1. Among the residues of the range 136-150, is any of a type in the set (S, T, N, Q) and free of Cβ contacts under 8 Å to residues at least 40 places away in the same chain?
2. Any idea how many residues of the range 187-221 are open to solvent by less than 10 Å² (accessible area, probe 1.4 Å) and under 17 Å from Asp249 (Cα atoms)?
3. Could you say which residue among Tyr93, Tyr102, Tyr54 is surrounded by fewer than 22 Cβ atoms within 10 Å (Cβ to Cβ), modelled with pLDDT of 95 or more, of a type outside the set (D, E, K, R) and within 20 Å of Ser159 (Cα to Cα)?
4. Which condition breaks for Ser256 when tested against (1) under 21 Å from Asp12 (Cα atoms); (2) assigned to a helix (DSSP H, G or I); (3) open to solvent by 60 Å² or more (accessible area, probe 1.4 Å)?
5. Which members of the range 2-34 meet the condition of being of a type outside the set (Phe, Trp, Tyr), assigned to a helix (DSSP H, G or I) and surrounded by fewer than 23 Cβ atoms within 10 Å (Cβ to Cβ)?
6. What residue, of Ile78, Ile6, Ile66, Ile86, is under 21 Å from Asn114 (Cβ atoms) and either of a type in the set (A, V, I, L, M, F, W, C) or over 18 Å from the mean Cα position of the chain (by Cα) (or both)?
7. Does Asp127 fit the bill of being modelled with pLDDT under 95 and either open to solvent by less than 20 Å² (accessible area, probe 1.4 Å) or not in a helix (DSSP H, G or I) (or both)?
8. Take the residues in the range 236-294 that are under 18 Å from the mean Cα position of the chain (by Cα) and aromatic (Phe, Trp, Tyr), then tell me which one is nearest to Asn206 (Cα to Cα).
Amino acid sequence: MNKYSIFDTHCDTLCCVFDDRKSLMENDCHADFKRMAEYKNYTQVFACFIDPVYKSCAVKRTMDLIDTFHSDNNNMPINVKGILSIEGGEGIYSLAALRNYYKLGVRIAALTWNYSNHIASGALEEDVTKGLTDFGRKVIEEMNRIGMLIDVSHLNRKSFYDIAEITSMPIIATHSCSDYICPHPRNLTDEQFKIIRDTNGCVGINFYPDFLTSNEKCGIDDIIRHIDHFMELGGENNIGIGADFDGVDCLPDGISGVQDMYKIFNRLSQLGYSDEQIEKISHKNFKRIFIVER
């Protein structure tokens with residue numbers, strides 16, 4: 001049994017399982033319950049990712065992925081917990097739909113993927129003046145009311161700041177890195193991180209090499225550099241893990257799935273991080289938001 005407890009706020013494994021008719025219990029993807037069970041405790045947020053190709057049938061796609069999660073978790077190991085999120089709000093066609101997703105177990109929503117929709121604008125939106133729509137503001141207000149967390153990972157800067165002005169909840173970025181360390185539209189500026197920090201929110205470090213480094217090679221120390229930088233910004237209580245397993249086409253050297261997550265925390269220990277700091281990053285910071293704030 002691995003000594004660490006893990007709280008990972010983003011994987012796309014549901015899509016792999018549904019599309020390729022695999023099992024959440026055991027598969028050849030980056031993540032499954034069997035490997036998670038090797039840790040002391042493992043909480044995994046499973047994203048219902050709405051790829052733009054499903055825009056015209058977004059509700060069906062969202063419901064199929066939610067159903068896959070509920071159908072496949074009956075035999076979940078006792079030390080493993082799953083939480084649902086939505087990545088891409090095309091299926092949120094009304095506030096009633098949003099409320100019903102919550103009733104089905106969705107606790108986080110990323111309102112866009114990389115592009116604009118009827119709610120907000122994504123990180124790759126060319127028009128930097130576009131942010132939350134009028135309907136998007138109603139969605140934020142309703143998420144605040146029912147207690148669904150807002151994930152800003154795929155939003156453009158304008159949408160981020162629009163949300164920061166009106167939300168009363170902790171802001172989270174489930175799978176993002178530092179733009180200071182690796183400039184990329186999907187990464188967070190220092191100012192954005194400080195806003196998240198000041199809402200008592202949290203950022204899950206993404207393992208996608210393109211978000212970690214501009215160098216050709218990428219390893220575990222590149223993940224650590226983003227953690228170090230956010231720590232320097234006063235983020236000890238605001239850093240977590242959002243690996244993006246099964247949502248990326250490559251991973252840092254030494255990481256091939258959930259079975260290797262412990263290597264990050266071993267490395268932090270080698271670099272002088274205290275047990276308390278490591279526990280915060282591995283699981284306690286996000287657990288605080290879900291248990292204390294919920």
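1. Yes, some residue in the range 136-150 is of a type in the set (S, T, N, Q) and free of Cβ contacts under 8 Å to residues at least 40 places away in the same chain.
2. Number of matching residues: 4.
3. Numbers: Tyr102 fails: within 20 Å of Ser159 (Cα to Cα); Tyr54 fails: within 20 Å of Ser159 (Cα to Cα).
That would be Tyr93, the only listed residue that is surrounded by fewer than 22 Cβ atoms within 10 Å (Cβ to Cβ), modelled with pLDDT of 95 or more, of a type outside the set (D, E, K, R) and within 20 Å of Ser159 (Cα to Cα).
4. (2)
5. Let us first name the residues in the range 2-34 that are of a type outside the set (Phe, Trp, Tyr), namely 2-3, 5-6, 8-17, 19-32, 34.
Now restrict to residues that are assigned to a helix (DSSP H, G or I): 13-17, 19-20, 34.
The answer is Cys16, Asp19, Asp20, Lys34.
6. Details: Ile78 fails: under 21 Å from Asn114 (Cβ atoms); Ile6 fails: under 21 Å from Asn114 (Cβ atoms); Ile66 fails: under 21 Å from Asn114 (Cβ atoms).
None of the other options fit; the residue is Ile86.
7. Working: modelled with pLDDT under 95: yes; either open to solvent by less than 20 Å² (accessible area, probe 1.4 Å) or not in a helix (DSSP H, G or I) (or both): yes.
Against the criterion (modelled with pLDDT under 95 and either open to solvent by less than 20 Å² (accessible area, probe 1.4 Å) or not in a helix (DSSP H, G or I) (or both)), Asp127 qualifies.
8. Top of the filtered list is Phe245.
The values are calculated or read from the model by the stated rules, or taken from the named source; none is laboratory data. Quick caveat, the model's predicted, so the values are computed rather than measured. Cβ sites come from the backbone with ideal geometry, for glycine too, and all protein chains shown count toward neighbours. Ligands, DNA and RNA are excluded from the accessible area calculation, which covers all protein heavy atoms including side chains. Shrake-Rupley method; radii C 1.70, N 1.55, O 1.52, S 1.80 Å.
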